[in-house]
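Colleague: The structure under discussion is supplied below as structure tokens; questions concerning it will follow.
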Amino acid sequence: MLLRTRRCLPAALSRAAAHPRVSPAVPSSGPPPQHDPVGVANLGSGIEPRSGPIDRVRGSTMARTNLVTLLPASIGGPYKVGTQARWFSSTGLPPHMVIGMPALSPTMNQGNITKWRKQEGDKIEVGDVICEIETDKATLEFESLEEGYLAKILVPEGSKDVQVGLPIFVTVQDSDDIEKIPADTSFRAEHEEDQSSGSAVQSVKVDAAEQSPALRHISPAAKMLIKEHGLNVSLLKASGPRGTLLKGDVLAALKSGTASSSAKEKTAPATPSPQPAHDSQAQSVTTSQKSDTFEDMTNTQIRKVIAKRLLESKQTTPHLYLSKDVVLDPLLAFRNELKEQHGVKVSVNDIVIKAVALALRNVPEANAYWDNAKEEAQKCDSVDISIAVATEKGLMTPIIRNADQKTISAISSEVKQLAEKARSGKLAPNEFQGGSFSISNLGMYPVDHFCAIINPPQAGILAVGRGNKVVEPVMDSDGTEKAAVVTKMSLTLSADHRIFDGQVGGKFFTELALNFSDIRRLLL
């Protein structure tokens, strides 16, 4: 079965390269297999540019593979979907195919099953979405290009940190074969046989639990905790769907001490040295107190990537901080004029994006990035502004391309569309990857000023605080000074000091302040 992802992938993927053809199995000299071969989907290889349609793997006894690796062939070029198919014989089972977790982005090594669109026994038509997978970039739909039946779901909905290549479901071609796939069948042996490098050895207790009918499914996070603490799996109570043992079940057992106490009893004969009763009691109380002082917070793939990149940015990028207060009254008056006289509703952030874009165009040295390979600054060809959008899964930065060439109303409309797609997890990679400069606006909160962290490989990010009314002296028309109430907004620039020196930063802020004081510059 050939599967693909849709909606969130670049348009170039619709011209993905052909799948390599696989020759039919050559009959061996030994006895014939008792059943037809079984197909297992594997990681792809051979990434190269190509622009033709997807060739389908054909053969009298061959099924399609679904596990894909998506990598850019070249800058701005098409993508190729590389796949391999391998066949096995499974005694006692009808012809079937085991589908593994796909690599849906170049940096993906694990993913989360957020939702199963199809259930066991459902008919799969061409174009049907099998499940939704959360990657390190976004949530993608896993779509089928072939017909068949979903015989068995191996990884339940809500599973976290499923490794790429790990079997997630099984398909068959005939509906009569669905019931012939036993519920307690393990397909891991077929998967491990197909791997070029050996996988990590699981603990004996976990393997025994997988074979046990009471605990057929254990989430990867639960397995890690069981192995780390040496727990007795037979005493753990599963609360997940279809008897799945979840991470929360293991944490609850650790908190209550049921599984850990059993593990200590089993390991007691191996360590005959006696311990004082009061020491063991004190240790038990200390362990209980420690377990009660914290609560694990589930981290999404997106938040993990954000944490890694921000730490890398602070450690490897020399941050230069520059700040300035700008008068906001001309901008607010211009915004009200657009609303009352022209019926155009735009936000303060939309106008800020336009003002920053024009400042970057007028100071091209600031619209650049640092090339680590060449160890020099590279100017960007276009002004692409990334805007920070807070979502439930983490901070996303959709991009307004060529912002200096667009009108404020066009920027406003595009920001709304991208923000909505970001919150629903439907951003395409080309809508949030890249950009030459970022804006983070906390003006809607009681935040006067703050310093943001640069989003590599960009060279700068502007932190925008809220507007505050202040009293300061202004020059009257007759040349005398008088006290007046003005609205001021704090802007703080975090810049890569390898690109921004004091002069470049000063020129950038000079242009930006002029754009705020004379709004007519935004219309040029």
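The values are calculated or read from the model by the stated rules, or taken from the named source; none is laboratory data. The structure presented is a predicted model; accordingly, all values stated were derived computationally and were not measured. Please note: Cβ atoms are built from the backbone with ideal geometry, for glycine as well, and neighbour counts cover all protein chains shown. Only protein heavy atoms, including side chains, enter the accessible area calculation; ligands, DNA and RNA are left aside. Shrake-Rupley method; radii C 1.70, N 1.55, O 1.52, S 1.80 Å.
Colleague: With all protein chains present and a 1.4 Å probe, how do Cys451, Cys380, Cys131 order by accessible area, largest first?
Modeller: The most accessible residue leads, giving Cys451, Cys380, Cys131.
Colleague: Quick one: check the C-alpha center-to-center distance for the range 94-127 versus the range 411-465, whole angstrom.
Modeller: 32
Colleague: Sticking with this one: Over all directions, what mean area does the Cα convex hull of the range 402-453 project, stated in square nanometres?
Modeller: With every direction weighted equally, the projected area is 4.9 nm².
Colleague: How big is the range 336-433 in terms of Cα radius of gyration and Dmax, in angstroms?
Modeller: 15.3, 52
Colleague: Leaving out ligands, DNA and RNA but keeping every protein chain, what accessible area does Val348 have, in Å² rounded to the nearest 10, with a 1.4 Å probe?
Modeller: Spelled out: Val348, probe radius 1.4 Å, area about 40 Å².
Colleague: How big is the range 124-166 on each of its three principal axes, counting only the C-alpha atoms and giving the largest first in Å?
Modeller: 28, 22, 17
Colleague: Determine how large the accessible area of Ile181 is when every protein chain is in place; take a 1.4 Å probe and give Å² rounded to the nearest 10.
Modeller: Its heavy atoms expose roughly 10 Å² to the probe.
Colleague: Please list His342, His96 in order of solvent-accessible area, largest first, computed with a 1.4 Å probe with all protein chains present.
Modeller: Of His342, His96, the descending order of accessible area is His342, His96.
Colleague: Now, a different point. Pull up all non-local amide H partners of Asp325: gap of 5 or more, or a different chain, and H-to-H distance under 5 Å with H placed in the peptide plane.
Modeller: Here the answer is Leu491, since their amide H atoms fall under 5 Å of that of Asp325.
Colleague: Hey, any idea what Rg/Rh is for the range 376-524, computing Rh the Kirkwood way over Cα pairs?
Modeller: Using only Cα positions, Rg/Rh for the range 376-524 is 1.01.
Colleague: Cβ neighbours within 10 Å, averaged per peptide: list 373-379, 111-117 in order, most packed at the top.
Modeller: 111-117, 373-379
Colleague: Non-local amide H neighbours of Leu154 (under 5 Å, H modeled in plane, Pro and chain starts lacking H): which ones?
Modeller: Phe169, Val170
Colleague: Could you derive backbone 3J(HN,Hα) for the range 515-524 from the dihedral phi with the Karplus parameters 6.51, -1.76 and 1.60 (θ = phi - 60°), listing whole Hz in sequence and x where the residue is Gly or Pro?
Modeller: 5, 7, 7, 10, 5, 4, 4, 6, 9, 7
Colleague: Among the lysines, which have Cα under 30 Å from the Cα of Lys345 when same-chain residues fewer than 8 positions away are ignored?
Modeller: Cross-link targets: Lys324, Lys354, Lys393, Lys406, Lys416, Lys421, Lys426, Lys469, Lys488.
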